[in-house]
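What follows is a short report on a single structure.
The values are calculated or read from the model by the stated rules, or taken from the named source; none is laboratory data. What you see is a predicted model; the values in this text were computed from it and never measured. Every residue, glycine among them, receives a Cβ derived from its backbone with ideal geometry; neighbour counts consider all protein chains shown.
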Amino acid sequence: MDPFLLSRMQFGANITFHILFPTITIMLGWLLLYFKLRFNRTGDKAWMEAYFFWVKVFALSFALGVVSGITMSFQFGTNWPGFMEKVGNIAGPLLAYEVLTAFFLEAVFLGIMLFGFRRVSNRVHTLATFLVAFGTTMSAFWIIALNSWMHTPAGYEIRDGVAFATDWYEIIFNPSMPYRLVHMLIASGLTVAFLVAGLSSLRWLLGDRSDAMKHALRTGVFMGALLIPVQIFVGDLHGLNTLEHQPAKVAAMEGNWETQGNVPLLLFAMPNEETRSNDFEVGIPGGASLILKHEFAGVVPGLNDFVAEDGTVEHPPVAPVFWGFRIMVGTGMAMLLLSWAGAYYLWRREELPRALAYAFVPMAFSGWVATVAGWYVTEIGRQPWLVSGVLATKDALGPVAGGMVLTTFLMYLATYFVLLGAYLFVLFRLTIKASKTDTEKPEPGAAGGSALPAPGPNAVPAE
Amino acid sequence: MDVTLIYPYLPTIFAGLMGLSILIYVVLDGFDLGVGILFAAAPEKDRDRMIASIGPFWDANETWLVLAVGLLLVAFPIAHGVILSALYLPVSIMLIGLIARGVAFEFRAKANVDEKWLWNRIFFAGSFVTALAQGYMLGAYVLGLEQTLLAIGFGILVAFCLVATYAAIGAAWLIYKTEGDLQKLAVKWMRFSLVLTAVGMAMISIVTPLASERIFAKWFSLPELIGLAPLPLITGGLFIFLFWQLAHLPDRNDRFSLVPFAGITMIMILGFFGLAYSFYPYVVPERMTIYDSASAPESLIIILAGTLFVLPVIIGYSIFSYRVFGGKAADLRYD
């Protein structure tokens with residue numbers, strides 16, 4: 001077996017599994033802070049009930065994010081030692097700052113946020129919630145800075161074959177970083193919005209009419225409706241930035257082989273790298289030119305520009321980038337329709353029509369689909385480079401045997417499948433449980449902390 | 001001040017920081033993993049309490065491993081590659097163990113009563129496998145990352161001894177954090193695992209100098225021998241003291257419940273210094289020194305500046321968290 005391909009598949013599987021969870025926790029942290037602040041301001045206990053439900057989802061997602069993240073930090077060494085040898089002077093400090101300013105902050109205050117409600121003052125508990133949310137966002141900041149640098153490296157020089165930093169501001173705020181960071185943070189916001197709206201809709205369909213459910217549902221639907229147009233706008237800017245710095249990626253996204261004007265916006269096609277053309281093409285004439293150059297005659301770069309004289313292909317594999325892009329955009333369009341329809345009904349009639357509630361449930365994980373598809377576009381779109389123009393992916397591979405990688409790859413894959421299944425199972429069961437207890441529960445009593453919902457399944461039984 | 005004056009010392013400083021992270025990790029996550037290992041021997045009724053004693057801390061404790069491997073990665077990138085490629089399989093196994101242990105916490109908390117047994121087993125298995133893998137790596141590292149049959153055998157032996165060490169510090173933590181029957185059990189567990197810990201430490205102390213002439217010379221030449229003599233002597237004394245102390249626990253007013261934890265922590269610190277002294281200045285034993293493999297000083301100084309500023313803050317709020325959840329372990333609840 002080819003250790004290069006296997007190592008790539010293994011890292012791809014790892015990072016795909018990993019990104020699912022930070023995508024939830026980054027913005028869910030801020031959403032929890034919002035719930036907490038609404039409770040602090042209004043004294044409405046339903047906000048706190050919503051907090052306690054979603055904090056469990058946060059805790060579970062966070063644990064999965066942590067353990068799958070650790071795996072990756074080791075894989076740099078086990079499978080890709082060439083990466084740190086070549087660009088360690090740049091990547092090192094960025095990763096170190098992530099650990100120092102984000103990981104410890106999240107991990108320590110998570111304990112207080114989860115289990116400290118009765119042990120610290122309300123103010124400290126709110127502060128802990130803020131610090132956890134802040135920590136997850138800092139983590140995103142540093143890792144996006146590094147990832148963006150790998151796409152659009154800046155502020156460095158190569159001496160003796162190794163990258164050295166020359167300007168840290170340019171490294172951190174490299175050309176694609178602001179776009180990618182905002183795009184990712186909003187993606188996380190949308191993922192959370194639809195997760196919250198979807199699971200709350202499920203509770204509503206199961207007969208739950210509690211205020212906690214209603215608060216969460218409204219928050220999720222309105223958050224989605226507000227964020228999606230912003231995301232489409234930011235995504236467009238990000239695309240234009242990519243066109244400037246990584247034209248080969250955009251050519252693959254559009255499935256455009258020849259550099260020319262009047263390039264159609266392809267709705268469907270089967271990119272064929274053998275014939276270097278598309279089969280079964282269906283498109284809107286001039287659409288891609290219009291989007292990328294704002295005029296029909298706009299010249300869009302084509303993939304054939306990225307083939308060396310000796311025939312070596314220097315552009316990314318076309319089909320996954322082409323299709324990943326369409327899945328992301330298609331999911332975004334579905335989000336737009338659904339969240340605006342939902343927002344209209346919640347605004348006008350305070351309640352979702354049944355059919356719309358049914359539509360929200362499967363969309364609970366639409367954020368995952370769009371986020372993973374989007375990451376595939378950008379990461380596969382960077383190939384054959386690991387760091388654009390600096391380090392080819394194949395040159396970073398370590399001296400590890402194919403059979404060994406295959407063994408660990410299967411091990412990870414099995415683990416991830418089981419964990420993902422267990423995660424979804426627990427999420428739905430928590431939702432179903434909450435919809436039952438919240439409908440049957442009498443009005444909360446008056447005595448301080450005990451007025452809050454009955455201890456969840458997390459509480460240790462008193463002895 | 002001219003910062004370039006610090007440049008020659010950066011590899012040493014970063015080796016120190018990395019050592020500190022590893023030390024903090026093995027003590028803090030050591031007791032988490034130890035509690036997980038002891039799960040196998042614990043009666044069902046005590047298990048929730050055992051989880052409660054580490055629940056708010058384990059995540060932050062594990063982060064010290066991320067910092068340690070992160071520092072290895074950023075400060076000694078070439079060594080990171082060499083060490084982790086040589087330890088490919090045990091590292092992967094450890095990671096699966098850490099994954100299992102970490103998620104079992106959360107899933108167990110959300111499981112129905114009739115499903116808990118499954119997550120209990122996964123929690124134990126994850127902790128046990130993680131400890132085994134770390135012990136194996138320690139053994140392999142001591143013998144210079146060789147792949148001989150002898151080295152593998154030694155690695156397996158050290159693996160079981162590290163499991164015992166973690167079980168001992170886990171039991172010590174339970175003595176401190178619990179009361180009643182569970183505390184009595186913990187005393188028994190610690191006495192048993194401490195014996196194996198002593199055997200393991202003695203073994204590593206004998207093998208390390210035998211495996212390397214350089215290390216032999218570092219320890220068994222005058223005047224080093226006299227200067228270093230207190231290290232094994234104090235360690236031995238601490239073991240004897242701990243056995244004596246355990247015979248008198250639990251005490252009536254629970255005044256000495258933290259003593260076993262402090263004692264075993266001291267032992268681990270001394271053991272760590274012994275190893276650090278043996279291997280310095282090598283980061284890959286006998287092959288690569290910290291000076292050969294350090295990153296560019298311009299990059300290290302950036303990390304150092306952040307570290308010196310942030311590390312005290314991290315230590316500060318970690319202590320705050322331990323105080324918030326201080327005293328005997330109580331029910332863990334989200335509300």
Kindly evaluate A:Ala370 against the criterion of being of a type outside the set (Lys, Arg), surrounded by fewer than 21 Cβ atoms within 10 Å (Cβ to Cβ) and part of a helix (DSSP H, G or I).
no
Just checking, which of B:Asp2, B:Asp32 is more than 9 Å from every other protein chain (Cβ to nearest Cβ), in contact with an Asp or Glu (Cβ under 8 Å, 6 or more places away or on another chain) and more than 26 Å from A:Pro3 (Cβ to Cβ)?
B:Asp32
Report whether or not B:Ile314 is more than 20 Å from B:Pro8 (Cα to Cα), crowded, with 18+ Cβ neighbours inside 10 Å and facing another protein chain (nearest Cβ under 9 Å).
yes
Every residue from the stretch B:301-311 that is more than 7 Å from every other protein chain (Cβ to nearest Cβ) and buried (at least 18 other Cβ atoms within 10 Å of the Cβ)
B:Leu304
Yes or no: B:Phe320 in contact with a Lys or Arg (Cβ under 9 Å, 6 or more places away or on another chain) and assigned to a helix (DSSP H, G or I)?
no
Can you go through B:Thr197, B:Thr235 and tell me which one is within 18 Å of the chain's Cα centre (by Cα), surrounded by 15 or more Cβ atoms within 10 Å (Cβ to Cβ), on the phi < 0 side of the Ramachandran plot and free of Cβ contacts under 8 Å to residues at least 40 places away in the same chain?
B:Thr235
Unmet requirement for A:Pro175, which otherwise passes all of (1) farther than 30 Å from A:Thr431 by Cβ; (2) in a helix (DSSP H, G or I)
(2)
Answer yes if at least one residue in the stretch B:105-114 is among the hydrophobic types (A, V, I, L, M, F, W, C) and more than 14 Å from every other protein chain (Cβ to nearest Cβ), and no otherwise.
no
Checking B:Phe76 against (1) surrounded by 24 or more Cβ atoms within 10 Å (Cβ to Cβ); (2) aromatic (Phe, Trp, Tyr); (3) at the interface with chain A (Cβ under 7 Å from one of its Cβ atoms), which single condition isn't satisfied?
(3)
Is the stretch A:282-294 home to any residue that is surrounded by 14 or more Cβ atoms within 10 Å (Cβ to Cβ) and over 26 Å from A:Arg180 (Cα atoms)?
yes
Somewhere in the stretch B:42-55, is a residue touching a Phe, Trp or Tyr at 6+ places or on another chain (Cβ under 8 Å), within 9 Å of another protein chain (Cβ to nearest Cβ) and of a type in the set (Ser, Thr, Tyr)?
no
Only one of A:Glu98, A:Glu157 is assigned by TED's automatic domain parsing to the domain that holds A:Leu60, crowded, with 18+ Cβ neighbours inside 10 Å and out of contact with any His (no Cβ under 7 Å at 6 or more places or on another chain), namely A:Glu98
Looking at the stretch A:143-195, which of its residues are touching a Phe, Trp or Tyr at 6+ places or on another chain (Cβ under 7 Å) and either β-branched (Val, Ile, Thr) or closer than 17 Å to A:Ala133 by Cα (or both)?
A:Thr166, A:Ile171, A:Leu181, A:Thr191
Inside the stretch B:140-154, the number of residues satisfying the requirement of being surrounded by 20 or more Cβ atoms within 10 Å (Cβ to Cβ) and free of Cβ contacts under 8 Å to residues at least 40 places away in the same chain is 0
Which helices (runs of 4 or more DSSP H) sit wholly inside the stretch B:53-125 and have at least 2 residues that are basic (Lys, Arg)?
B:88-110
Which of the residues spanning the stretch B:159-181 are surrounded by fewer than 23 Cβ atoms within 10 Å (Cβ to Cβ) and in contact with a Lys or Arg (Cβ under 8 Å, 6 or more places away or on another chain)?
B:Thr178, B:Glu179
Counting only residues in the stretch B:282-300 that are part of a helix (DSSP H, G or I) and in contact with a Leu (Cβ under 8 Å, 6 or more places away or on another chain), the one surrounded by the most Cβ atoms within 10 Å (Cβ to Cβ) is identified as B:Leu300
For A:Asn278, all conditions in the list (1) touching a residue at least 24 places away in the same chain (Cβ under 8 Å); (2) in contact with a Phe, Trp or Tyr (Cβ under 8 Å, 6 or more places away or on another chain) hold save one; what is the number of the exception?
(1)
Lone unmet requirement of (1) at the interface with chain B (Cβ under 8 Å from one of its Cβ atoms); (2) more than 25 Å from B:Asp29 (Cβ to Cβ); (3) free of Cβ contacts under 8 Å to residues at least 24 places away in the same chain for A:Gly92
(2)
Among (1) within 21 Å of A:Val234 (Cα to Cα); (2) surrounded by fewer than 14 Cβ atoms within 10 Å (Cβ to Cβ), the one test that A:Leu265 misses:
(2)
Those residues of the stretch A:1-50 which are in a helix (DSSP H, G or I) and among the small types (Gly, Ala, Ser) amount to A:Ser7, A:Gly12, A:Ala13, A:Gly29, A:Ala46, A:Ala50
Filter pass, B:Met18 being in a helix (DSSP H, G or I), under 19 Å from B:Phe107 (Cβ atoms) and in contact with a Leu (Cβ under 8 Å, 6 or more places away or on another chain)
no
Identify, from the list A:Thr16, A:Thr25, the residue that is surrounded by 23 or more Cβ atoms within 10 Å (Cβ to Cβ), more than 10 Å from chain B (Cβ to nearest Cβ), under 21 Å from A:Ile143 (Cα atoms) and at pLDDT 90 or above.
A:Thr25
Given A:Leu217, A:Leu226, which one is surrounded by 18 or more Cβ atoms within 10 Å (Cβ to Cβ), touching a helix residue (DSSP H, G or I) at 6+ places or on another chain (Cβ under 9 Å) and not in a loop (DSSP other than H, G, I, E, B)?
A:Leu217
If only one of A:Phe103, A:Phe115 is surrounded by 21 or more Cβ atoms within 10 Å (Cβ to Cβ), without any contact (Cβ under 8 Å) to a residue 12 or more places away in the chain and either within 30 Å of A:Pro399 (Cα to Cα) or not small (Gly, Ala, Ser) (or both), which one is it?
A:Phe115
Number of the exception - A:Phe104 against (1) closer than 26 Å to B:Tyr322 by Cα; (2) more than 7 Å from chain B (Cβ to nearest Cβ):
(2)
I'm trying to understand the selection: among the residues of the stretch A:388-412, which are within 14 Å of chain B (Cβ to nearest Cβ) and within 24 Å of A:Pro317 (Cα to Cα)?
A:Leu391, A:Asp395, A:Ala396, A:Leu397, A:Gly398, A:Gly402, A:Val405, A:Leu406, A:Phe409
I'd like the residue in the stretch B:244-291 that is within 14 Å of chain A (Cβ to nearest Cβ) and touching a strand residue (DSSP E or B) at 6+ places or on another chain (Cβ under 8 Å) and, out of all such residues, is nearest to B:Pro11 (Cα to Cα).
B:Val283
